[in-house]
Amino acid sequence: MVTRKPPTIDQVHSALRPVDGWLRNDSEQPARPVLADAVRISARYLAGAYPGGAVEVRIPPFVAVQCIQGLTHKRGTPPNVVETDSRTWLELVTGAITWETAVRDARVRTSGSRATLAELLPIVQSPAG
């Protein structure tokens with residue numbers, strides 16, 4: 001098994017910079033590889049900052065990570081899942097929207113009693129936030 005070192009906060013900032021205009025509605029959606037990098041790096045940063053296997057965070061089609069200490073999930077559907085689209089994830093990461101707003105507007109789907117990231121987001125404050 002390959003162990004990947006979690007990204008640094010500087011890497012998160014670098015990955016988010018090319019998507020800031022899109023998140024502010026000032027530019028078109030970035031190219032898929034740019035969007036994928038921003039999503040993957042920020043999700044992997046979260047998983048590194050809050051290690052564990054109690055909650056699975058899914059941002060299809062780019063990444064799924066497990067985070068938060070507690071129950072460890074090994075096979076099948078995890079008991080605590082957070083799922084959202086790329087744009088909503090990046091808006092949460094940068095503080096452009098709040099967890100409560102994203103959940104209320106059904107932009108985030110959750111299942112399980114521990115499926116919340118309200119206390120962990122935003123990761124950074126960007127110009128989009």
Add +1 for every Lys or Arg and -1 for every Asp or Glu among the other residues with Cβ under 9 Å from the Cβ of Val82, and state the total. 0
Give, in nm to one decimal, the length gained when the segment between Gln125 and Glu100 is fully stretched (0.36 nm per residue of separation minus the Cα-Cα distance). 7.3 nm
Inter-label distance for Gln29 and Asp10, nm, one decimal - labels placed 7 Å from Cα along Cα-to-Cβ: 3.2
Cα centroid distance between the range 8-67 and the range 101-127, in Å? 14
Those trypsin sites (Lys or Arg not before Pro) from the range 1-49 that are DSSP loop and have at most 12 other Cβ neighbours within 10 Å turn out to be Arg4
Work out the length of the dipole vector of the chain about its Cα centre, built from +1 on the beta-carbon of each Lys and Arg and -1 on the beta-carbon of each Asp and Glu, and round it to the nearest 20 debye. 520
Cα-Cα P(r), the chain, percent of pairs per 10 Å interval: 13, 47, 33, 7, 0
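How about the range 49-113: which trypsin sites (Lys or Arg not before Pro) there lie in a loop by DSSP and see at most 10 other Cβ atoms within 10 Å?
Working: sites: Arg58, Lys74, Arg75, Arg87, Arg104, Arg107, Arg109; in loops: Lys74, Arg75, Arg107.
Those satisfying the criteria are Lys74, Arg75.
Using the crude model of +1 on Lys and Arg Cβ and -1 on Asp and Glu Cβ, and no other charge, please compute the dipole size for the range 8-84 relative to its Cα centre, in debye to 20. It would help to have the intermediate numbers written out before the result.
Values: 8 positive and 7 negative charges, 66 e Å.
The calculation lands at about 320 debye.
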Just name one of Val93, Leu16, Ser42: the one whose Cα is farthest towards the positive end of the charge dipole of the chain (beta-carbon charges, Lys/Arg +1, Asp/Glu -1). Ser42
Length gain on complete extension for the stretch Arg40 to Arg17, per 0.36 nm per residue less the alpha carbon to alpha carbon distance? 6.9 nm
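Every number in this text was worked out from the coordinates using simple rules, so none of it is lab data. Note that the coordinates shown come from a computational prediction; the quantities given were computed from them, not determined experimentally. Cβ: placed from backbone, ideal geometry, glycine included. Neighbour counts: every protein chain shown.
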